[in-house]
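Working notes for the structure below.
The values are calculated or read from the model by the stated rules, or taken from the named source; none is laboratory data. Values in this document were obtained by computation on a predicted structure and should not be read as measured data. Heads up, the Cβs are rebuilt from the backbone with ideal geometry, glycines too, and the neighbour counts pull from every protein chain shown. With ligands, DNA and RNA removed, areas are computed over all heavy atoms of the protein, side chains included. Shrake-Rupley method; radii C 1.70, N 1.55, O 1.52, S 1.80 Å.
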Amino acid sequence: MQPASVASTITILGASGSGKSTLADRLALLLDLPAAVHLDDLYFKHGWVERDGDDFRNRIRDALRQQPEERWIVDGNFSRLGVEHWKRTRLFVILDPPYLVTLFRLVRRTLRRIWTREPLFGQKDRNACVETLGRTLLHRDSILLYSFRWWWTGGLQVLERRVRETCPDTPVVTLRSTADVDRFVASLTSQHQADPRRVR
């Protein structure tokens with residue numbers, strides 16, 4: 001892991017279960033932002049209906065316009081549908097823990113969501129997306145099956161190549177462990193506290 005200066009716009013990428021949303025929320029709090037932008041929240045309609053590309057991209061634009069003074073954290077991949085914000089990104093963070101680590105986290109998270117019937121993607125009403133045992137084990141869009149395919153086909157490596165091809169001058173930090181993440185956050189914390197532009 002290489003140290004990175006405090007960036008005004010950060011995009012976090014990685015496999016399901018790698019900790020993207022957790023890190024995004026952590027950094028938003030650290031950098032005094034109102035909230036991270038989670039692409040999953042913008043992509044799925046109620047009942048797991050997926051938005052089309054134009055609608056999805058418009059929602060990303062609207063979400064970023066609500067962030068203060070071109071300062072934001074975005075987490076999520078969706079490289080086939082909406083990468084306009086990549087061009088405005090000042091730092092890419094790629095989470096790349098071992099597959100078995102992400103699988104363990106994914107299973108634990110999914111079982112918790114099934115048990116609690118936790119509504120996903122910021123949805124609150126009775127038609128909100130929820131994880132079910134059938135969707136997890138039997139559905140063609142099973143998150144566990146998706147995770148395995150992503151790992152087996154080298155999805156993260158493909159995504160990273162696209163990042164470097166699309167934004168060759170933008171720094172990329174790869175974090176492979178919890179210790180890496182903690183060091184990265186500590187580095188950003190010290191730099192943010194020393195930033196003279198910071199509102200105190």
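Calculate how steeply helix 155-166 sits against the longest principal axis of the alpha-carbon atoms of the chain, using the helix alpha-carbon long axis, and give the answer as 0 to 90 degrees to the nearest 10. Here the helix axis deviates by roughly 40 degrees. Backbone amide hydrogens, once placed in the peptide plane, bring V173 within less than 5 Å of F92, V93, I94, excluding anything fewer than 5 places away on its chain.
Summary value for the chain: 32 percent relative contact order, contacts being C-alpha pairs under 8 angstrom separated by 6+ residues.
Restricting attention to the chain, close to 5% of DSSP beta bridges with both partner residues there are antiparallel.
Kirkwood hydrodynamic radius computed over region 41-140 comes to 15.8 Å, based on all pairs of distinct alpha carbons.
Principal semi-axes of the equivalent ellipsoid, √(5λ) from the alpha carbon gyration tensor of region 116-174, are 32, 17, 8 Å from largest down.
Ignoring ligands, DNA and RNA, what accessible area per residue does the chain give at 1.4 Å, in Å²? Spell out each step's value before the answer.
Working: 11480 Å² over 200 residues.
Each residue of the chain exposes 57 Å² on average to a 1.4 Å probe.
What angle, in degrees between 0 and 90 and rounded to the nearest 10, separates the Cα long axis of helix 178-194 from the longest principal axis of the Cα atoms of the chain? It works out to around 40 degrees. Taking Cα atoms only, the orientation of helix 99-116 departs from the longest principal axis of the chain by about 60 degrees.
With the convex hull drawn around the C-alpha atoms of region 16-77, the volume per residue stands at 89 Å³. Diffusion of region 52-96 by Stokes-Einstein, at 4 °C in a medium of 1.567 mPa s and with Rh set to the Kirkwood radius over alpha-carbon pairs, works out to 113 µm²/s.
Once the convex hull of the C-alpha atoms of the chain is built, how many Å³ does it hold per residue, rounded to a whole number?
Dividing the Cα hull volume of the chain by its residue count gives 130 Å³.
Given +1 at the Cβ of Lys and Arg, -1 at the Cβ of Asp and Glu and no other charges, the dipole of region 71-121 around its Cα centre is 120 debye to the nearest 20.
Sites listed here are trypsin sites (Lys or Arg not before Pro) in region 108-140 whose DSSP assignment is loop and whose Cβ has at most 15 other Cβ atoms within 10 Å: R117, K124, R126, R140. For the chain, adding -39500 (n - 2.57) for each run of n ≥ 4 DSSP H residues and dividing by the number of residues yields -14000 deg cm²/dmol at 222 nm. Computed from phi, the 3J(HN,Hα) profile of region 13-30 under the Karplus parametrisation 6.51, -1.76, 1.60 (θ = phi - 60°) reads 10, x, 5, 4, x, 7, x, 4, 5, 4, 5, 4, 5, 5, 6, 4, 5, 4 Hz, with x in place of Gly and Pro.
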